[in-house]
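The structure appears right after this line, and notes come after that.
The values are calculated or read from the model by the stated rules, or taken from the named source; none is laboratory data. Quantities reported herein were computed from a predicted structural model and do not represent experimental measurements. Cβ coordinates were reconstructed from backbone atoms using ideal geometry, including for glycine residues, and neighbour counts include every protein chain displayed.
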């Protein structure tokens, strides 16, 4: 007897492993970077008000996020269920004026001659596209790698690169390892279309997935849901890249929401203290550019304290922690050194475990908000505090120059900095006063 995997398991994986829209985008952008893309574009096209969209789905009984019992209770509470033709008029009234291709959506809704055709047009109303000019995927990779959850493809690439790389050759950074990034599309919408191709091929390859099919299959075996890539349109053999188009979006979108993601996530994809170049990322909402802020390096000059530390694994007394604390308020410096024994006592783990962690560096800047001042050429105190709030948030982790989520996120106080600071009196380090 072997384990069986039900179709709905894939939905649970997506909801549990991809914890937020920001993490979903990060995983998808990471795939583009692993494909060696020189250009990555994220475009949100919003043509129908989400409140109208979700209301229509609920009344049609097509709302997948609501448990069946609650869905039935909602439908029974309606004085009268409107026909799909009446709901079509509601949808047309909820179209966003001036949105890209909104006239095409209007025509598709008007042309619908059945409930099925209407729902199909409705679900295509809003979309998110991640487009890159990277290596792309062949039909074989699309079938054997992309459709394998938990594939070791990227991890194997990384291993082969480490074994074959020349000493004087800068290794290419490969970020993906677990083979779970494709589930990120599920977090953002119920349908996904992948169009991809490699240099030298004469056609694009494409794959369509409707995640609702897995919900419908429920307790049936996972392989009962057929997902098959196919040959797409012709292309120039010199072209390569991947387009991921996500529709039937699962949440409200606006320029402000995308801007918030740009500040909280996209701006911090690469190590702001390191030498890794910023990802070649461009954001748009309904065709309008949404800026991704650059790291506010001038803030570091205003910090009232700085702490640097590194784990050293070589030498007679390795491993050990070495560091420097700089008290700029009082013009004092203090060296920090934790011996192997002290490090073991502090962490409660043995030397082999510490060595497996590998070397790392910590760079932290502390700000006393009461002593912040306006900065010439930047803005008044309110502006300075707003910029600090954008970049503060605790200790974020970076590996190979790129962010490791969710460490240092808005809801991730993994070092308990806030609890320790606010449970005692006096000035203590907390996530709102530190950039690290």
| task | For segment 102-115, state whether one or more residues are within 28 Å of residue 205 (Cβ to Cβ) and without any contact (Cβ under 8 Å) to a residue 40 or more places away in the chain. | result | yes
| request: Search segment 285-307 for residues being within 26 Å of residue 42 (Cα to Cα) and assigned to a strand (DSSP E or B), and hand back the single one that is farthest from the chain's Cα centre (by Cα). | output: 288
| said: Among the residues that make up segment 215-230, is at least one of them at pLDDT 85 or above, in contact with a strand residue (DSSP E or B) (Cβ under 6 Å, 6 or more places away or on another chain) and assigned to a helix (DSSP H, G or I)? | reply: no
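Based on what the data block shows, is residue 130 under 30 Å from residue 6 (Cβ atoms) and modelled with pLDDT under 85?
Working: under 30 Å from residue 6 (Cβ atoms): yes; modelled with pLDDT under 85: no.
So residue 130 does not fit the description; no.
I'd like the full set of residues that are touching a helix residue (DSSP H, G or I) at 6+ places or on another chain (Cβ under 7 Å) and closer than 23 Å to residue 253 by Cα, limited to segment 1-30.
Within segment 1-30, 11, 14, 17, 18, 21, 22, 24, 25, 27, 28, 30 qualify.
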| field | Residues (farther than 25 Å from residue 105 by Cα and either in contact with a strand residue (DSSP E or B) (Cβ under 9 Å, 6 or more places away or on another chain) or outside the structural domain of residue 285 (by TED's automatic domain parsing) (or both)) located in segment 238-258 | value | 239, 240, 241
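Could you list all residues from segment 266-275 that are out of contact with any strand residue (DSSP E or B) (no Cβ under 9 Å at 6 or more places or on another chain) and assigned to a helix (DSSP H, G or I)? Steps first, answer last, please.
Initial filter on segment 266-275 (out of contact with any strand residue (DSSP E or B) (no Cβ under 9 Å at 6 or more places or on another chain)): 267, 275.
Matches in segment 266-275: 267 only.
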| remark: Of the listed residues (278, 282, 310), the one being outside any loop (DSSP other than H, G, I, E, B), under 27 Å from the mean Cα position of the chain (by Cα) and surrounded by fewer than 17 Cβ atoms within 10 Å (Cβ to Cβ) is 282
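Which of the residues belonging to segment 231-252 are part of a loop (DSSP other than H, G, I, E, B) and within 15 Å of residue 64 (Cβ to Cβ)?
From segment 231-252, those part of a loop (DSSP other than H, G, I, E, B) are 235-240, 250-252; that's our starting set.
Across segment 231-252, the qualifying residues are 250, 251.
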| request: Determine the pairs where a residue that is at positive phi, located within segment 241-264, has a partner that is assigned to a helix (DSSP H, G or I) with Cβ atoms under 7 Å apart, the partner being 6 or more residues away or on another chain. | output: 248/123
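Output the residues belonging to segment 232-252 that are more than 20 Å from residue 182 (Cβ to Cβ) and out of contact with any helix residue (DSSP H, G or I) (no Cβ under 7 Å at 6 or more places or on another chain). Quick ask: steps written out before the conclusion?
Of all residues in segment 232-252, those more than 20 Å from residue 182 (Cβ to Cβ) come to 233-239, 252.
Listed by number, the residues that qualify are 233, 234, 235, 236, 237, 238, 239.
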| request: Answer yes or no: is there a residue in segment 17-33 that is modelled with pLDDT under 90 and farther than 27 Å from residue 259 by Cβ. | output: no
| message | For segment 193-213, check the following and say yes or no: at least one residue is in a helix (DSSP H, G or I) and farther than 26 Å from residue 136 by Cβ. | response | yes
| task | Kindly indicate whether residue 261 is in the same structural domain as residue 141 (by TED's automatic domain parsing), surrounded by 20 or more Cβ atoms within 10 Å (Cβ to Cβ) and at pLDDT below 95. | result | yes
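For a quick check of your reading: which helices (runs of 4 or more DSSP H) sit entirely within segment 1-112 and have at least 3 residues that are buried (at least 17 other Cβ atoms within 10 Å of the Cβ)?
Working: elements: 9-17, 21-34, 50-60, 68-77, 84-93, 102-111.
The helices (runs of 4 or more DSSP H) meeting that bar are 9-17, 21-34, 50-60, 84-93, 102-111.
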| remark: Cβ pairs under 9 Å, 6+ apart or interchain, first in segment 186-198 and closer than 14 Å to residue 208 by Cβ and assigned by TED's automatic domain parsing to the domain that holds residue 241, second assigned to a helix (DSSP H, G or I) and at pLDDT 95 or above, ordered by first then second residue, are 189/123; 190/123; 191/123
| Can we say residue 154 is at pLDDT below 85, buried (at least 16 other Cβ atoms within 10 Å of the Cβ) and at negative phi? | yes
| said: Show me the helices (runs of 4 or more DSSP H) entirely contained within segment 318-436 in which 2 or more residues are in contact with a helix residue (DSSP H, G or I) (Cβ under 9 Å, 6 or more places away or on another chain) and either farther than 24 Å from residue 300 by Cα or at pLDDT below 70 (or both). | reply: 340-347, 351-357, 417-422
